[in-house]
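These notes concern the structure reproduced below.
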Amino acid sequence: MSQRLLRLHEAMVLRHPTLVLTLVFVAAVVLAFGLPNFKLDASADSLTLEHDTDLDYFREVNQHYGSGDFLVVTFTPRDMDLFSDAALETLKSLADDLSRVDGVVGVNSIITVPLLYSPKVTVAELKDEPRTLLTPGTDRQLAKREFLESPIYRNLILGPNGQTTAVLATIELDQRYTELVRQRDALRLQRDTTGISPQERRELERVSQEFLDYRTARAAVEHRRVQEVRSVLHRYRDKAEIFLGGPSMVTADMIDFIKSDLRIFGIGIILFIVVTLAVIFRQARWVFLPLLVCVLSVTMVLGWLSWIDWRLTVISSNFVALLLISTLALTIHLIVRYRELLRDRPNDELIDLVRETVSSMARPCLYTVLTTVVAFLSLVVSDIRPVIDFGWMMTIGLALALVLAFLVIPAGMMLTGKGANNDGNDKSALLTLHFSRFTERHGNILLALALTIALAATYGVTLLKVDNRFIDYFRADTEIHQGLAVIDANLGGTTPLDIILHAPGFDAPALDVAADADDPYGGGDGFDDSYGDGDDAFGDAFGGDDVEDAPQNSYWFTTAGLEDLEKLHAFLESLPEIGKVNSLVTAFHVANDLTGHRLNDFELAVMRQNMTPEIDNFLIAPYIDDAQNQTRVTMRTVETQGDLRRAELLAEIESFLVEDLQLAPDQYRLTGLMVLYNNMLQSLFYSQIVTLGAVFFGIMLMFLVLFRSLKVALIAILPNLLAASIVLGGMGIVGIPLDMMTITIAAITVGIGVDHAIHYLTRFTREFVADQDYVAAMHRSHATIGRALFYTAITIIVGFSILALSNFIPSVYFGLLTGVAMLAALLGSLTLLPKLILIFKPFGADRSGGV
């Protein structure tokens, strides 16, 4: 900090501490008034890329084939057979109660779906009202066999054990939501293609805000509905093992997870801060002042975010914990420096001690914040909105924390007086001096160990993967995990994948991205279709929306088209990662079974004309668009079986379409949540790994400005490169995948890790000037700034371990890996960094005559 700024700081802060603190408190109170408007968001954009053309296509597919929201209830009766009178009566009662929940417009289960094999009907009977399980005289054992073996229901509605089934509650389609999505997306598309006028831009802002507000209100309604459904289910848990699933349930639980994490982490970290500061400094004011700065920084940032309606997500919710810990680290450096000065110059005036504290710490603290900001800004290049928001929130929060630390801590020092000097009783220097002695005596062993670790880490980085199982995002005792596991194992898989095929010689229609008629989450909700695709998760068989009459005998409902579909259908079913597959082939096989021979084109047309609307809507309509000569193949991936590699699976399917079916690139397209999720993961991997190099380059430039030496800059960056490599390589070796949360660990490691290097090198420079003795300067640096580094690192490590309490597993990894990263950065700064200084002597000749 320049002398002019230091003089200004003294005149405004040190000379008027009460006024400064009053102004800070007033600003905090004003911003805090926004906190009642604070909102959380666990919706759409969490697992999708911005401006993803696959997202646009996904929405179009939902418009043509989709339906509204839904809730899934898995049902396994206790101490009775599923097909017994008592179990079916319980199932019927449950379905009736669910149908009375506000917003539920239909409930389907094994007792309502049509039976075609119990006994087998003829094609002529397809025009009659279908038989169901509750139709008098129905053979329940035949029905059970149909649910287990028929092409329609196999792996869809009844688990292999014959005891687990599903109840699907369809939620009323929200037309207002759909209308707002259409308006917003139409304007967004125009903005990103042809451009929009100022008036249209204002209209986009208005519609976007209206949509955001409406989605917030709608989320509250959905949350109440989920709670009401849970209260219904609670009445039946003594008779059956029941799990709830569905988009609304996942979104509601994610909001609860975020709230719980914020509450637990906030309270836990604040209590930890109090205990840590009390143990380290053993004086009340050194507990109160840092705690005050931490609370003010979080309150002011959250208040500001609330005023501008910037919402926290699952990812950015960790920003609170990071900001608290990062702010605490700044205050600890200031306090440790002040206590050193008070110990060495007890007779100096208070204002001189505080002025010297600010003067000596301003430059390194400023650069530590700037380097951390550079690291977090690397997240902004991501195409995923929550990751972008996380980067900007941390950037803004760190800037505010720096300002508050240099306002509140010096002003507080001035108001509380010099205080008693108990720094001489602090024995932590004895611990940090062990590191300097080890570095002096065993430097070669240290270098060999660092090289070995670097090679192992490099190997580990090559093993990094981005494929992970969505189910593993949640603890095994959460209902999300348990419900997903039951559906995955018993009901045909979880994550949806669709293939859209266009007939040969038929041009694929242009996307209508503004029309998002049937996906209530705008097609982009990360948790939107965890149990199914654009239609119901079980809508493949239970039913879909009515469609207008279309010309018969489109290409895909002829023997030629169906032969190609049969090849694809069989191939997909052979893949271990694929669960339930549905297409027109299902209806074709059913028709062949009912007639005893393969139908020809004429018979297919007659059969379709004679179907009842109910049967057509679950056998034909979800898989064909006659007007566009288009067909859809739906499937769900099984995440709990084996090692799912999404990118490889998608590539294998595309290879079959091109090489075996001889389809041109414009004749097929893969879509669905799996494609969107894979796009997000691949983008994260490539953008962040590549950007990490740019981050190191940017920090190198800052080191050059700070230390004015390329040699010092290189020495400073190497330990941090090693720390980042240790974390990423360790993840690769133990098999922890990169995801939305863990991908940020590298940036955090670099951003916070370089803080240690800056503080240590700044202090080493000052100590070296005293006697030009590298070894002595190293020991003195460890005994002084080394203590502050030790305090801050331990604070970060233990503080982030609190994240292990989260129900969201990526948050657990985030906390534990950040702790590992900080430990690696601390050890690097206290061992490898000083050893490199001793080897290369970047500050000039060693006049002591030592090594």
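Applying the criterion of being assigned to a loop (DSSP other than H, G, I, E, B) and open to solvent by 30 Å² or more (accessible area, probe 1.4 Å) to the residues of segment 21-40, the residue that is modelled with the lowest pLDDT is 39. Whether a residue is assigned to a helix (DSSP H, G or I), touching a helix residue (DSSP H, G or I) at 6+ places or on another chain (Cβ under 6 Å), open to solvent by less than 20 Å² (accessible area, probe 1.4 Å) and under 30 Å from residue 484 (Cβ atoms) was assessed, and residue 565 passes this test. Tell me yes or no: at least one residue of segment 671-684 is at pLDDT 85 or above, outside any helix (DSSP H, G or I) and buried (at least 19 other Cβ atoms within 10 Å of the Cβ). The answer is yes; a qualifying residue exists. Screening residue 351 with (1) assigned to a helix (DSSP H, G or I); (2) open to solvent by 10 Å² or more (accessible area, probe 1.4 Å); (3) of a type in the set (Val, Ile, Thr); (4) modelled with pLDDT under 85 gives one miss only, at (4). Output the residues belonging to segment 73-92 that are open to solvent by 20 Å² or more (accessible area, probe 1.4 Å) and part of a helix (DSSP H, G or I). Across segment 73-92, the qualifying residues are 85, 86, 89, 92.
Sort through 233, 277 and tell me the only one that's out of contact with any His (no Cβ under 8 Å at 6 or more places or on another chain) and more than 30 Å from residue 173 (Cα to Cα).
Result of the check over 233, 277: 277.
The criterion of being surrounded by 15 or more Cβ atoms within 10 Å (Cβ to Cβ) and not aliphatic (A, V, I, L, M) holds for residue 215. Would you confirm, using the coordinates I've provided, whether residue 606 is in a helix (DSSP H, G or I) and β-branched (Val, Ile, Thr)? Yes.
For the condition open to solvent by 30 Å² or more (accessible area, probe 1.4 Å) and within 18 Å of residue 799 (Cβ to Cβ), what is the one hit in 301, 295?
295
Residue by residue through segment 718-742, note down the ones that are β-branched (Val, Ile, Thr) and open to solvent by 10 Å² or more (accessible area, probe 1.4 Å). If the condition is that a residue be β-branched (Val, Ile, Thr) and open to solvent by 10 Å² or more (accessible area, probe 1.4 Å), then 726, 733, 734, 736 are the ones that fit. Considering only residues in segment 792-851 that are among the aromatic types (Phe, Trp, Tyr) and within 27 Å of residue 333 (Cβ to Cβ), the one that is most open to solvent (accessible area, probe 1.4 Å) turns out to be 840. Within segment 758-779, residues that are within 13 Å of residue 834 (Cα to Cα) and of a type in the set (Ser, Thr, Tyr) have Cβ atoms under 6 Å from residues that are modelled with pLDDT under 85 and crowded, with 16+ Cβ neighbours inside 10 Å in these pairs: 774/846, counting only partners at least 6 apart in sequence or on another chain. Checking every residue in segment 197-206 against the condition of being surrounded by 15 or more Cβ atoms within 10 Å (Cβ to Cβ), of a type outside the set (Ser, Thr, Tyr) and closer than 30 Å to residue 321 by Cβ gives zero matches.
Summed over segment 143-154, residues that are more than 14 Å from residue 581 (Cα to Cα) and open to solvent by less than 70 Å² (accessible area, probe 1.4 Å) total 5. Each residue in segment 339-348 was checked for being in contact with a helix residue (DSSP H, G or I) (Cβ under 8 Å, 6 or more places away or on another chain) and either part of a loop (DSSP other than H, G, I, E, B) or surrounded by fewer than 15 Cβ atoms within 10 Å (Cβ to Cβ) (or both), and 3 of them qualify.
Residues in segment 602-642 that are more than 15 Å from residue 122 (Cα to Cα) and of a type in the set (Val, Ile, Thr): 620, 624, 631, 633, 634, 637, 638, 640.
In segment 86-101, the residues that are closer than 17 Å to residue 243 by Cβ form Cβ pairs under 7 Å with partners that are hydroxyl-bearing (Ser, Thr, Tyr), at six or more places apart or across chains, as follows: 90/236; 91/109; 94/236; 95/109. Just one of the listed residues (769, 754) is in a helix (DSSP H, G or I) and surrounded by fewer than 24 Cβ atoms within 10 Å (Cβ to Cβ), and it is 769.
Among the residues of segment 304-323, those that are within 16 Å of residue 795 (Cβ to Cβ) and open to solvent by less than 10 Å² (accessible area, probe 1.4 Å) comprise 321, 322, 323. Every listed requirement among (1) part of a helix (DSSP H, G or I); (2) more than 24 Å from residue 392 (Cα to Cα); (3) out of contact with any Leu (no Cβ under 9 Å at 6 or more places or on another chain) is met by residue 286 save one, (3). A count restricted to segment 772-784 and to residues that are assigned to a helix (DSSP H, G or I), open to solvent by 10 Å² or more (accessible area, probe 1.4 Å) and not small (Gly, Ala, Ser) stands at 3. On the given criteria, is residue 185 among the acidic types (Asp, Glu) and either open to solvent by 60 Å² or more (accessible area, probe 1.4 Å) or closer than 30 Å to residue 600 by Cβ (or both)? Here the answer is no, as residue 185 does not meet what is asked. For segment 98-142: of the residues being modelled with pLDDT under 85 and among the charged types (D, E, K, R), which is surrounded by the most Cβ atoms within 10 Å (Cβ to Cβ)? Looking at the filtered set, the residue picked out is 125.
Could you please tell me which pairs satisfy a Cβ distance under 8 Å, a separation of 6+ or placement on different chains, a first residue in segment 190-202 that is basic (Lys, Arg), and a second residue that is outside any helix (DSSP H, G or I) and surrounded by fewer than 10 Cβ atoms within 10 Å (Cβ to Cβ)? Qualifying pairs under 8 Å: none.
Residues that are under 30 Å from residue 421 (Cα atoms) and aliphatic (A, V, I, L, M) within segment 278-320 comprise 278, 279, 280, 284, 287, 289, 291, 292, 293, 295, 296, listed in sequence order.
The values are calculated or read from the model by the stated rules, or taken from the named source; none is laboratory data. From a predicted model like this one, the values you see are computed outputs, not experimental measurements. For neighbour counting, all protein chains shown are included, and Cβ atoms are generated from backbone atoms with ideal geometry for every residue, glycine included. Keep in mind that these areas ignore ligands, DNA and RNA; they rest on the heavy atoms of the full protein, side chains included. Shrake-Rupley method; radii C 1.70, N 1.55, O 1.52, S 1.80 Å.
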